[in-house]
1. Restricting to region B:29-65, name every residue that is in a helix (DSSP H, G or I) and within 13 Å of chain A (Cβ to nearest Cβ).
2. I'm trying to understand the selection: among the residues of region A:102-128, which are over 15 Å from A:LEU202 (Cβ atoms), out of contact with any Leu (no Cβ under 8 Å at 6 or more places or on another chain) and not in a strand (DSSP E or B)?
3. Does at least one position in region A:227-234 carry a residue that is within 28 Å of C:LEU279 (Cα to Cα) and modelled with pLDDT of 85 or more?
4. Looking at this structure, is A:VAL414 more than 19 Å from B:PRO36 (Cα to Cα) and among the β-branched types (Val, Ile, Thr)?
5. Out of the residues in region A:197-249 meeting the condition of being β-branched (Val, Ile, Thr) and out of contact with any Ser or Thr (no Cβ under 6 Å at 6 or more places or on another chain), tell me which one is nearest to A:HIS183 (Cα to Cα).
6. When region A:246-275 is examined, which residues are found to be farther than 22 Å from A:GLN542 by Cα, of a type in the set (Gly, Ala, Ser) and assigned to a helix (DSSP H, G or I)?
7. So in region B:128-165, with the set limited to residues that are modelled with pLDDT of 75 or more and within 12 Å of chain C (Cβ to nearest Cβ), which one is farthest from B:GLY202 (Cα to Cα)?
8. Which residues, counting only those in region C:94-127, are of a type in the set (Val, Ile, Thr) and either farther than 27 Å from C:PRO274 by Cβ or buried (at least 18 other Cβ atoms within 10 Å of the Cβ) (or both)?
Amino acid sequence: MLECVGAVAIAALLAGCGSPGAPVSDSPPAQRADAQLPPARGDAIVFGTIGDASTLIPMLGSDSASHEYAGNIFDGLVEYDKTLSTLEPRLAESWDVEDGGQKITFHLRRDVKWTDGQPFTARDVEFGFHLIRDPATLTSYSEDYKQVQSFELLDDHNFRVVYEKPFAPALASWGSMVVLPRHLLEGKNINESDFGRHPVGLGPHKFEGWERNRLFTLRSNPEYYRGRPWIERVVYRVIPDQATQFLELKSGGLDMMGLTPLQFSRQTSSPAFAQSFRKYRYVSNAYTYMGYNLADERFADVRVRRAFSHAVNKQEIVDAVLFGLGTPAEGPYRPGTRWVNDKLPSYDYDPAKARELLAEAGWKDSDGDGIVDRNGMPFSFKILTNQGNDQRLKTATMIQKRLRDIGVDAQVRVLEWSAFLNNFVDTRRFEVIVLGWSLSLDPDQYDIWHSSKTGYKQFNFIGYKNAQVDELLERGRRTFDEAERKRIYDLIQEILYEEQPYTFLYVPVATPILAARFRGIEEAPAGISWNFPFWYVPKGEQKYVITR
Amino acid sequence: MIRRLMANPLTVAGGIIVAVLFLIAILAPVLSPWDPNDFDARRVLEGPSAAHLLGTDGLGRDVLSRMIYGARVSLMVGFVAVGIATAIGMSLGAFAGFFGGIIDAVIMRFVDVMLNFPTVFLILSVIAYLDASIWNIMVVIGLTSWMGVCRLVRAEVMSLRERDFMIAAVALGLKPSRIILRHALPNAMAPVFVSAILGVAGAILVESALSFLGIGVQPPTASWGNILTEGKDTLGVAWWLSVCPGLAILVTVLGYNLLGEGLRDVLDPRLKAR
Amino acid sequence: MLSYLAKRLAGFIPMLLGISFVSFMVIALAPGNPVDLMTDLNPKASPEARVKLEQYYGLDKPLYVQYGLWLGRIARGDLGVSFSRDRRPVLDKVLEALPITLMLNVIELILIVAMAIPIGIYSAARAYSLLDRIVTVFVFIGFAMPGFWVALLGMIAFGEMLNWLPISGLTSLDYESFSTLGKIKDIASHLILPIGIGALTGLAGMSRFVRSSMLEVLRQDYVQTARAKGLSERVVLMRHALRNALLPVVTLLGLSLPGLIGGAVIGETIFAIPGMGRLFYTSVLGRDYPVVMGIMMSTAVLTLVGSLLADLLYVAIDPRMRKS
């Protein structure tokens, strides 16, 4: 799934976006030794969240808070493992892929129950599947499932799906979207159902209470098929900004939050902090880029785009905006994953080369005013970005200056999100934008780069059209052969590297902080929350007493 | 009158503050030691020092320079917004007062509606949905603060309407617009002027609040309010970002209020000292 | 009295219509629509899904039809359903947030009045003295302080450095486990900062007003008469002058209601208090039009009721009005 990183980057990053790459822990070695204390049941964990969820039904929620909350209540058939390279069984015990991926048969576990006692069966998946494809359901996620040609229920715990054509991202799509209790929802209008506010699930935790915009609480599910979680209660507190969250963290009101780069590097290094908290960092699954409207003839010239990529000092941006907590990006894949093509050299910061390239493209400063021009027209345009994202704004500001250094006059303009999208992006009335993508774990990026996705409100809004890339994208999603896919996506990255339809800027590092009393944390490419149901607090250190 | 004004030290203080601010705003390019947009990635969030008297912000920009240019923004917003409000208020008030009857009733109803409307709501909605440019902010603030002036002018015009010289003027066939402009309005100018000065203070407060919330003047343009936003995000790390712009707003608004109140005391004939 | 009341209540209707019109116009003229926020930049959302959503929310009908439908529903007390994904009735959301904001504002008002009146009287009694000037300066400074800035400083000082007070939300995490007294204490400690700061900044204007109102009254003939009769200054002030001076104050109270509610927006957002102000702010940003309009209308109703109460109070205090 591809989603654009909107207003608040950090919370979204924390919500289940893990990443491969060498994880680094900031806890001193001594603390890891006492992870030997045995697990004990009890205690609660308090998360801070910027926004409240809108619904707890996975297929209806489009915001990250909804997915975060619901992720505790529902499980999928499969899920990515901690290295983020293979899919692990969850509700599906095993599966058979046949016909090059066109046919997939799932074998489900038999020991799973919904928290109201009813058994989980393949009929629940069938129900969810038909529901998500139903045109009346207000979901944004039906595309993946529309690729399925037929759904055949073999018995209570087995089913088979046949796709029109092999669809590589298919396997991963059988997550928690389509797992819903048929016995509670059949025949009801899912869009208006109270189930979204009082769900019955089968995940590690079950729903307890929800005070809108304040508190959301969960209790451990004793019947969870992977073992009852040690932490008895999970609480989400809605605190709309990170500064306040940080104050709450310090006073003990929060146990975990996503730190801003500033907080991570300058405000959490005292001995007191090291004693009560542990900081973690891992490369996140998102990148920030500068996109060019390729319909604008100035940017249609690849030399101009390459010039800009050399004019921008990516490391400087990472240092200033992220306090060093990030890496410059050279392509649309996260550094450290197996999909990234690491044989490509980076676009170094080289203003001289940038000027050269501009001159080649016909842009010279003929009137000595410091701005390059061509045919009497100065090279002047606006860089657009959205409100509410301080990092993006700072990035755009720095880019503006560096462009000025090579004689290009750029102005930064900040717009409210919806107006930005409607009036400028969708109508293609932009020149240059600074935005970000958060990426799915499957390497398929059809929706961003394919030439068929340049229509109204589609994501190839820069208008990138390359026949070779098109063909590669098609082939990449139709084969299940990993080696073949690697070759294909490497080639795509080479082409993107040559053409620079985006100037890829940076990949940030996620920096969560967690109260020290929690044990069982295992850092992995997926981050730290991947094994959350197995965290615990040793008996003597428990903070909250949970009464029945 | 000037002497009476000078008699009150508070008013004098206010006047000095306003004058100094004016100068700072006009002489900004001369006064500011650095280019307000010049950043330096190596000097991010440094405290006050010899080179940077008020420290640097999150991109290494000089805070003092940004505050000096921020004075320009604040004053500009204040003046234009109040200008718009006064223009609208005077016109509507004059019409209502002079013509009376239905026109008056309709306009007054409208004034009531606007007064009962939490204007913050209006401002928020409009700014959030339109481009948050300086112009939009000024216009919106202007459009929501004309009511006081309107009532003032209306009252003044109405009281004049009954006077003999007015009745004579109408009988002589002088055009109403001329009567209003030449005779009625000048009398109302004094309280309107006071209201305008106080209005500038109010507009500055509103603009800084909006910028603080992130829907006012957008960075990289410097405004006292949006420097404070960064102050909030850097609580505990960069106190100078929280303290300095707030103080600047405080002093500015204080200056205008003192001046305005002092003027009111002097100009309002009913409030003569004992 | 009753006829006065009836006339006033009747006057509400055109007022409410006017406000509803202004509210609707603002929303209608806004570019973009709420469906965008749900489906934007999400590749899984097809164009059909958007059209579906638009029809569902009634956004595809022409403006005047939407206005008419909305007005009709309001008249029946139905404020519609929120556009946000939780689809809860607007009325529920408003009623949830309303008591909190009301409580905040009422306590604040009481504090302001309780502090402003003595300060105002004192300043008027000793007008132009050194003490008066000092108090004036303090009051002016209070007036000039941007509320959000003071809130910020308050949060740093009391919340972070001294750790005396909680700095966000209405209640602590384990609120439910407190005794009733504990609950009251908990809410109180959360509200001290927002209310305190709000009261301090609102104090200035009110005390200044009381002062000038008192000054004006003190110049009146009947006050001179009272003094000539030999009554003590205190009696003159309290018994005769105050009553009359308070009249404009009551009117001012009525007029300041919209301002207070508006000011709640910033205060509640900073302190994360789940009141109407914050609900409004998040709804505006989330383009949740029914909630935005619902709040504007309910606020309008509240301010009208408030000013009606102020007028009634006025009549109660001023014996001259009672006869007419």
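The values are calculated or read from the model by the stated rules, or taken from the named source; none is laboratory data. Small disclaimer: the values here were computed from a predicted structure and weren't measured. Because the Cβ atoms are built from the backbone with ideal geometry, glycine has one as well, and the counts that use them run over all protein chains shown.
1. First, the residues of region B:29-65 that are in a helix (DSSP H, G or I): B:29-31, B:41-43, B:63-65.
Across region B:29-65, the qualifying residues are B:ALA41, B:ARG42, B:ARG43.
2. Result: A:GLN102, single match.
3. Yes: region A:227-234 contains one or more residues that are within 28 Å of C:LEU279 (Cα to Cα) and modelled with pLDDT of 85 or more.
4. It is false that A:VAL414 is more than 19 Å from B:PRO36 (Cα to Cα) and among the β-branched types (Val, Ile, Thr).
5. A:THR217
6. If the condition is that a residue be farther than 22 Å from A:GLN542 by Cα, of a type in the set (Gly, Ala, Ser) and assigned to a helix (DSSP H, G or I), then A:SER265 is the only one that fits.
7. The selected residue is B:ARG151.
8. Quick first cut of region C:94-127, residues of a type in the set (Val, Ile, Thr) only: C:94, C:100-101, C:106-107, C:110, C:112-113, C:117, C:119, C:121.
Across region C:94-127, the qualifying residues are C:VAL94, C:ILE100, C:THR101, C:ILE112, C:VAL113, C:ILE117, C:ILE119, C:ILE121.
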